[in-house]
Amino acid sequence: MGTREHEIYDIVGIGFGPSNLSLAIALEEHQNNASGRPVTAAFFERQAAFGWHRNMLLPQATMQISFLKDLATFRNPVSRYSFVSYLHASDRLVQFVNNQDFFPTRQEFHQYLEWAESNFSDRVTYNSEVTGIRLPENAGTGSEQYLEISVRDTASGATRVVRAHNVAVSTGLVPRMPEGMDRDERVWHSSEFLAKYGRMDPAELQNVAVVGAGQSAAEITKYLHDMLPHAQVSAILPSYGYSVADDTPFANQVFDPTAVDHYYFGSETTRDAFWRYHKNTNYSVVDDDVIRELFRRSYEEEVAGEKRLHFLNLTRVKEVKRSGNDTRVVLHSLLDDEAQQEMDVDALVFATGYQGMDATSLLGDLDRFCLRDKEGRHQVERDYRVVTEPGLSCGIYLQGGTEHTHGLTSSLLSNIAIRSGEIADSLVERRGEPARVGSGA
Ligand code: FDA
Ligand code: NAP
């Protein structure tokens with residue numbers, strides 16, 4: 001895409017994952033249905049092409065939400081960017097229905113996202129990492145005010161500046177390694193799994209281990225057990241066993257659009273109750289079918305007397321000692337506080353989760369305008385706009401990193417169709433025009 005040098009965009013989107021793709025759709029559908037001036041937008045993505053957690057696109061891994069929680073349907077059920085429209089365009093709608101499954105594979109959902117994204121190539125620039133945002137000295141005031149966004153071309157290294165009245169930060173989750181543990185060619189985080197695994201000779205992988213008891217850990221353990229029939233596969237679990245992800249109907253309501261209001265306008269006690277009772281809908285939990293499949297395999301091996309799938313429960317990694325191709329893992333088990341166990345592996349995968357999005361470093365000096373709560377987190381308005389000092393009229397919208405204000409859906413797909421519609425509405429309304437993007441149709 002060619003961004004226009006002197007144009008001041010209404011909004012620049014930073015990152016082009018599902019959240020900002022959904023925003024691009026909401027803005028387009030607004031344009032199709034409103035008489036006012038179109039909202040001008042440009043998006044920048046550091047990857048070379050669209051990709052949604054590509055390194056975890058494991059065969060048979062399924063979505064953890066219904067296909068109806070796609071980029072648009074909850075906001076606009078007749079959107080041409082719905083998953084159903086994609087199925088129709090792919091001539092698979094009938095067979096999808098015959099398959100009777102609410103949860104497509106992640107690979108199929110990825111194809112859907114790519115299909116939707118292919119309509120926005122004039123608005124998104126790839127190989128483009130946003131490195132900073134600033135308020136220039138001559139930025140003006142009120143609705144004229146603009147921000148300067150620095151964009152680095154990841155191929156050439158060249159940096160250019162783009163101007164906008166608003167930004168939508170949507171840079172996604174940040175991989176989390178345990179303190180003191182570093183990644184390299186033998187020690188991986190789950191977010192880089194398929195890329196790093198693909199560089200190995202499978203014959204060389206005789207002993208592999210996976211750390212963690214969440215969905216990523218369970219899926220990778222299963223994958224390694226499938227792909228390396230000659231290898232010993234160890235799962236290092238901090239818990240006694242995998243716990244099930246609660247996706248039963250009552251609990252699932254915590255992901256409803258109305259739950260965002262209940263969370264946002266609720267008291268501290270309300271918000272605390274969401275986390276206390278419903279963290280197990282998403283964090284450190286695994287889908288029922290994956291748990292049962294792993295247990296079944298383990299039991300079959302016991303029956304056959306050929307055990308190569310091992311579960312080390314209540315165990316944490318204390319240290320990783322690396323030398324050339326050798327990796328020694330020092331383990332601490334809560335079952336035997338005194339003993340220290342060591343294990344040699346050819347590859348070690350830390351499926352130890354992610355930190356939520358934090359816009360602080362991207363905002364740099366601009367962050368001085370952003371108000372924070374007593375725990376140091378950004379204050380965020382209901383329309384996902386950071387609360388700022390009066391000196392800043394430009395809007396900083398967050399798609400992610402709002403768990404403390406908007407609840408559990410902050411980092412998930414469940415509510416992106418509604419959230420992006422709300423952001424699009426907010427942009428138009430704050431321009432002084434009446435708008436209702438939400439209805440879309
Ligand atoms: P996402 O991380 O997808 O995209 C952010 C984009 O910003 C990336 O493409 C990144 O390259 C780019 N970027 C980052 N910094 C940048 C910068 N400075 N400049 C330019 N670009 C930058 N949720 C759910 O509801 N159902 C599910 O089934 C799943 N499944 C799932 C599987 C796996 C393996 C993971 C790790 C997570 C999930 N999730 C999930 C949760 C996940 O957060 C969600 O699916 C989306 O990825 C959220 O979309 P975003 O666009 O917000 O972030
Ligand atoms: P997660 O749910 O946060 O799980 C991380 C696991 O690592 C937990 O068991 C955690 O234990 C453990 N851990 C963290 N630090 C550790 C340490 N120092 N030592 C040992 N163990 C440690 O992360 P995830 O499994 O990557 O899931 C992240 C998100 O992606 C979730 O929303 C999930 O649903 C999603 N996901 C979806 C799919 C799919 O759609 N098919 C696939 C994978 C992931 P504690 O509980 O003790 O912290």
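The values are calculated or read from the model by the stated rules, or taken from the named source; none is laboratory data. Quick caveat: nothing in here was measured; it's all calculated off a predicted structure. Don't worry about glycine lacking a Cβ; one is built from the backbone with ideal geometry, like all the others, and counts go over all protein chains shown. For the accessible areas, the whole protein counts, side chains as well, though only heavy atoms, and no ligand, DNA or RNA atoms are used. Shrake-Rupley method; radii C 1.70, N 1.55, O 1.52, S 1.80 Å.
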* If you stretched the chain out fully between ASP261 and GLU293, how much longer would it get, using 0.36 nm times the residue separation minus the C-alpha to C-alpha distance? -> 7.8 nm
* Asked: Taking the Cβ-Cβ separation of ASN325 and ALA49 as r and a Förster radius of 35 Å, what is the calculated FRET efficiency to the nearest 0.05?
  -> 0.60
* Asked: So, how do all the Cα-to-Cα distances of region 66-157 break down into 5 Å bins, in percent, from 0 on up?
  -> 3, 11, 15, 16, 11, 9, 12, 10, 7, 4, 2, 1, 0
* Asked: Separation of region 371-420 and region 43-80 by C-alpha centroid, Å?
  -> 21 Å
* Crossing angle, helix 215-227 versus the chain [Cα axis fit, 0-90 degrees, rounded to tens] -> 50 degrees
* To do: Could you go through region 243-257 in sequence order and give the Karplus-derived ³J(HN,Hα) for each residue, using 6.51 cos²θ - 1.76 cosθ + 1.60 with θ = phi - 60°, rounded to whole Hz, and x for Gly and Pro?
  => 9, 7, 6, 7, 10, 6, x, 5, 5, 4, 5, 5, 9, 5, x
* Given the options SER35, SER414, SER239, which has the most mean-square fluctuation in a GNM of the chain, springs set between C-alpha atoms less than 10 angstrom apart? -> SER35
* Candidate residues VAL386, VAL320: accessible-area rank, largest first, probe 1.4 Å -> VAL320, VAL386
* To do: Report the accessible area of VAL303, computed with a 1.4 Å probe over the heavy atoms of all protein chains in place, in Å² rounded to the nearest 10.
  => 110 Å²
* Structure fact -> Averaged per residue, the 1.4 Å probe accessible area of the chain, protein heavy atoms only, in Å², is roughly 47 Å²
* Reachable aspartates and glutamates from LYS196, criterion Cα separation under 15 angstrom, eight or more residues apart if same chain -> ASP182, ASP184, GLU185, GLU204, ASP346
* What is the set of long-range amide H partners of ARG372 at a cut-off below 5 Å, with H atoms built 1.01 Å from backbone N? -> GLN379
* Asked: So what J values fall out for region 39-53 if you push phi through Karplus, 6.51 cos²θ - 1.76 cosθ + 1.60 with θ = phi - 60°, rounded to Hz, Gly and Pro as x?
  -> 7, 8, 9, 9, 10, 10, 10, 6, 5, 6, 7, 4, x, 10, 6
* Among TRP52, TRP275, TRP188, which one shows the biggest mean-square fluctuation in a GNM of the chain, springs joining Cα atoms closer than 10 Å? -> TRP275
* So how far apart, in nm, are the two label points at LEU93 and VAL78 if each is 7 Å from Cα heading toward Cβ? -> 1.4 nm
* Of ASP182, ASP336, which has the most accessible area and how do the rest follow, probe 1.4 Å? -> ASP182, ASP336
* Report the label-to-label distance for GLU375 and THR248 in nanometres (one decimal), using points 7 Å from each Cα along the Cα→Cβ vector. => 2.8 nm
* Which loop GluC sites (Glu not before Pro) in region 187-276, with loop taken from DSSP, have no more than 10 other Cβ atoms within 10 angstrom of their Cβ? -> none
* Asked: Got a sec? What order do LEU21, LEU57, LEU334 fall in by accessible area at 1.4 Å, biggest, i.e. largest, first?
  -> LEU334, LEU57, LEU21
* Asked: Want the number for THR131 to ILE8: 0.36 nm per residue separation, take away the alpha-carbon distance, what's left?
  -> 42.4 nm
* Structure fact -> Expressed in square angstrom to the nearest 10, the accessible area of TYR146 with a 1.4 Å probe stands at 20 Å²
* Asked: Rounded if a/c is under 1.5, else prolate if a/b beats b/c, else oblate: with a ≥ b ≥ c from the C-alpha gyration tensor eigenvalues square-rooted, which is region 161-267?
  -> oblate
* Rough spin-label spacing in nm, given labels placed 7 Å along Cα→Cβ, for THR159 and ASP344 -> 4.7 nm
* To do: Find, among the GluC sites (Glu not before Pro) in region 321-423, those assigned to loop by DSSP (not H, G, I, E, B) with at most 12 other beta-carbon atoms within 10 angstrom.
  => GLU338, GLU375
* Structure fact -> Per GNM of the chain with C-alpha springs under 10 angstrom, the most fluctuating residue out of GLY51, GLY13, GLY376 is GLY376
* Would you work out if region 205-244 is rounded, prolate or oblate? Take a ≥ b ≥ c from the square roots of the eigenvalues of the alpha-carbon gyration tensor; rounded if a/c is under 1.5, else prolate when a/b is larger than b/c, oblate otherwise. => prolate
* How much net charge surrounds TYR146 when only other residues with a Cβ under 13 Å from its Cβ are counted (Lys, Arg +1; Asp, Glu -1)? -> -3
* Asked: What base-10 log of the normalised intensity I(q)/I(0) is obtained for the chain from the Debye formula, alpha carbons as equal point scatterers, at q = 0.06, 0.12 Å⁻¹?
  -> -0.29, -1.10
* Working from Cα positions, state the angle (0 to 90°, nearest 10) between the long axis of helix 288-304 and the longest principal axis of the chain. => 10 degrees
* Asked: On full extension of the chain, what length is gained from GLN100 through ARG183, given 0.36 nm per residue of separation minus the C-alpha to C-alpha distance?
  -> 25.8 nm
* Structure fact -> For ASP91, the accessible surface traced by a 1.4 Å probe with all protein chains present amounts, in square angstrom to the nearest 10, to 140 Å²
* Asked: Among the DSSP beta bridges whose two residues both lie in the chain, what percent are antiparallel, rounded to the nearest 5?
  -> 50 percent
